[in-house]
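S.K.: Sharing a structure with you now.
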């Protein structure tokens, strides 16, 4: 595993950035909200760096529909879980992501889903998109939470790096239960990940119709899995 660059923002740096950004991160309640979550455990640094550059595709894809509001979530290390303020600016999100380094630890997907459900209760989310390659929790427990997301109309879009079979099977089941979709990519398919992020952002901003108007293969893949 390659070690991250030695100079990364400290927790204090991130806290100062978030404090400065809160004044501009408060968005109107009617703006479509998308929760953008990434596994930030040790093996994930290359994908994290890629996603930090590609996240702008989510904002770019929705310019003609609505102003998208995004919350970044990640887990890493020994039980660390982070949720940012709601942001509607690609540069602010990129700056936040640039200050994060990945640390070894176990997956916390259940904690992520519980957080998403709580956010959804306060002010509905249009979708949750998750990028990860591992699942070290009870599949049944995760599927139960995914089913609750489905009942509350919170679709999950699960993008798996690699092709570990138990992870794929669980993610696919979770996506079905939540009324969302699953897709896979690898470290050489940054273009695919960019298309997937853009497609989900359009869905979050304009619903199924907006996704149908997206000609990309990734959009078609997601549409095939979404319920009519």
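S.K.: So which residues in region 73-98 are farther than 21 Å from residue 31 by Cβ and without any contact (Cβ under 8 Å) to a residue 60 or more places away in the chain, if there are any at all? First the steps, then the outcome.
M.R.: We begin by selecting, within region 73-98, every residue farther than 21 Å from residue 31 by Cβ; these are 74-82, 98.
Correct list: 74, 75, 76, 77, 78, 79, 80, 81, 82.
S.K.: Right, another one. For region 124-154, which residues satisfy the criterion of being touching a residue at least 40 places away in the same chain (Cβ under 8 Å), closer than 26 Å to residue 210 by Cα and either assigned to a helix (DSSP H, G or I) or in contact with a strand residue (DSSP E or B) (Cβ under 7 Å, 6 or more places away or on another chain) (or both)? Explain how you work it out, then say what you get.
M.R.: Taking region 124-154 and keeping what is touching a residue at least 40 places away in the same chain (Cβ under 8 Å), we get 124-134.
The next check asks that each one be closer than 26 Å to residue 210 by Cα; those that pass are 124-132.
Residues satisfying the conditions are 125, 126, 127, 128, 129, 130, 131, 132.
S.K.: When you go through (1) in contact (Cβ under 8 Å) with a residue 24 or more places away in the chain; (2) more than 14 Å from residue 75 (Cβ to Cβ); (3) under 17 Å from the mean Cα position of the chain (by Cα) one by one for residue 118, which number turns out not to apply?
M.R.: Every listed condition holds for residue 118 apart from (1).
S.K.: Please work out which one of (1) out of contact with any helix residue (DSSP H, G or I) (no Cβ under 9 Å at 6 or more places or on another chain); (2) in a helix (DSSP H, G or I); (3) surrounded by fewer than 16 Cβ atoms within 10 Å (Cβ to Cβ) is the condition residue 163 fails and give its number.
M.R.: (2)
S.K.: So in region 166-194, with the set limited to residues that are part of a loop (DSSP other than H, G, I, E, B) and in contact with a helix residue (DSSP H, G or I) (Cβ under 8 Å, 6 or more places away or on another chain), which one is surrounded by the fewest Cβ atoms within 10 Å (Cβ to Cβ)?
M.R.: Among residues in region 166-194 that are part of a loop (DSSP other than H, G, I, E, B) and in contact with a helix residue (DSSP H, G or I) (Cβ under 8 Å, 6 or more places away or on another chain), the one surrounded by the fewest Cβ atoms within 10 Å (Cβ to Cβ) is 187.
S.K.: What single numbered condition from (1) buried (at least 17 other Cβ atoms within 10 Å of the Cβ); (2) at pLDDT 90 or above; (3) touching a helix residue (DSSP H, G or I) at 6+ places or on another chain (Cβ under 7 Å) fails to hold for residue 54?
M.R.: Residue 54 satisfies every listed condition except (2).
The values are calculated or read from the model by the stated rules, or taken from the named source; none is laboratory data. Because the structure is predicted, anything quoted here is derived from the model rather than measured. When we count neighbours, we look across all protein chains shown, and the Cβ atoms used for this are built from the backbone with ideal geometry, even at glycine.
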